[in-house]
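Q: Here it is: the structure, laid out below.
The values are calculated or read from the model by the stated rules, or taken from the named source; none is laboratory data. Note that the structure is a prediction, hence the values are computed from the model and not measured. Ideal geometry is used to build each Cβ from the backbone, glycine not excepted, and the neighbour counts take in all protein chains shown.
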Ligand code: ADP
Ligand code: MG
């Protein structure tokens, strides 16, 4: 898979309502091509909703979302799917597909109606399996995979889709340490070496957040902070986002501190 030129995401003053509830209000963000944005915040803050909005899956009630300067609402669905891939929380669904069949579905936005995969499509699928180190699983049923394998297969399907923007919802949640590290390394390769623009919702403050170019903190559907990891990995800033105490220790990634929850402190 060659290096992509990436795509730029620009969200301005975004407001989203679901039913009667205002889920997002006044949300702005900007991700340059090839950058990694980590989105953090407590449960229910609107993080998943923000990803779905960027993927064009929700009506934008207020404000705008643009990719490479063009409003998401102007893209046809298939066209947007060739630019943006969404990896939902806990990865691929566990129904009756093999790994290969599931990753091949990533190519659908590229296929003319009623036609099958070409040899070029199959090559892209093979590359996606290789890049995510899931080639050995190709014939396996999705239901037989571990959480870490399923997460990597989901990312493979997203890569097969061929876009330059990856949206990931808690890609390392529920994974053991080794599989967390594997996914972090994969995301690092994709955005640093591969040129992918990545937006990842995460609770992994010491891993994914530390690796990010910038961090957006959401609280109650609003932006609580938007800054570099070095500014966000701070006891006071994190307490403001999570309403919980933190302590900082030396020795984190990229010279950043390690943050740990401080029990009984605020
Ligand atoms: P997060 O991913 O940060 O945990 P979500 O984006 O999933 O948060 O949800 C944000 C809020 O929106 C929550 O309070 C949730 O209950 C609410 N919500 C999500 N989907 C709907 C819906 N379809 N209708 C009404 N409220 C919803
Ligand atoms: Mg969520």
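Q: Could you check residue 79 against (1) buried (at least 23 other Cβ atoms within 10 Å of the Cβ); (2) over 17 Å from the mean Cα position of the chain (by Cα); (3) closer than 21 Å to residue 7 by Cα and say which number it fails?
A: (1)
Q: Would you check if residue 64 is farther than 25 Å from residue 210 by Cα and either at pLDDT 95 or above or within 12 Å of the chain's Cα centre (by Cα) (or both)?
A: yes
Q: Output the qualifying pairs, or none if there are none: Cβ atoms under 6 angstrom, residues six or more apart or on different chains, first residue in the stretch 42-67 and at positive phi, second residue away from ligand 1 (no atom under 12 Å from the Cβ).
A: From the stretch 42-67, the pairs are 56/72; 56/80; 63/12; 63/13; 63/14; 63/15.
Q: What number of residues within the stretch 174-218 satisfy the criterion of being out of contact with any strand residue (DSSP E or B) (no Cβ under 9 Å at 6 or more places or on another chain) and under 26 Å from residue 23 (Cβ atoms)?
A: Number of matching residues: 1.
Q: Determine if the stretch 17-24 includes at least one residue that is part of a strand (DSSP E or B), in contact (Cβ under 8 Å) with a residue 40 or more places away in the chain, within 15 Å of ligand 1 (Cβ to nearest atom) and within 19 Å of residue 204 (Cβ to Cβ).
A: no
Per-residue answers, yes or no, for (1) surrounded by 24 or more Cβ atoms within 10 Å (Cβ to Cβ); (2) within 16 Å of ligand 2 (Cβ to nearest atom); (3) without any contact (Cβ under 8 Å) to a residue 60 or more places away in the chain; (4) not in a helix (DSSP H, G or I):
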{"residue": "159", "(1), (2), (3), (4)": "yes, no, no, no"}
{"residue": "162", "(1), (2), (3), (4)": "no, no, no, yes"}
{"residue": "166", "(1), (2), (3), (4)": "yes, no, no, yes"}
{"residue": "179", "(1), (2), (3), (4)": "no, no, yes, no"}
{"residue": "182", "(1), (2), (3), (4)": "no, no, yes, no"}
{"residue": "187", "(1), (2), (3), (4)": "yes, no, no, no"}
{"residue": "199", "(1), (2), (3), (4)": "yes, yes, no, yes"}
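Q: Which residues, counting only those in the stretch 210-231, are surrounded by fewer than 23 Cβ atoms within 10 Å (Cβ to Cβ) and within 15 Å of the chain's Cα centre (by Cα)?
A: 213, 214, listed by residue number.
Q: Take residue 9 and decide whether it is crowded, with 21+ Cβ neighbours inside 10 Å and over 22 Å from residue 205 (Cβ atoms).
A: Taking the combined requirement at face value, the residue satisfies it.
Q: Here is a further query. Residues of the stretch 236-266 being without any contact (Cβ under 8 Å) to a residue 40 or more places away in the chain, under 12 Å from residue 205 (Cα atoms), under 25 Å from the mean Cα position of the chain (by Cα) and surrounded by fewer than 17 Cβ atoms within 10 Å (Cβ to Cβ), which ones?
A: 260, 261
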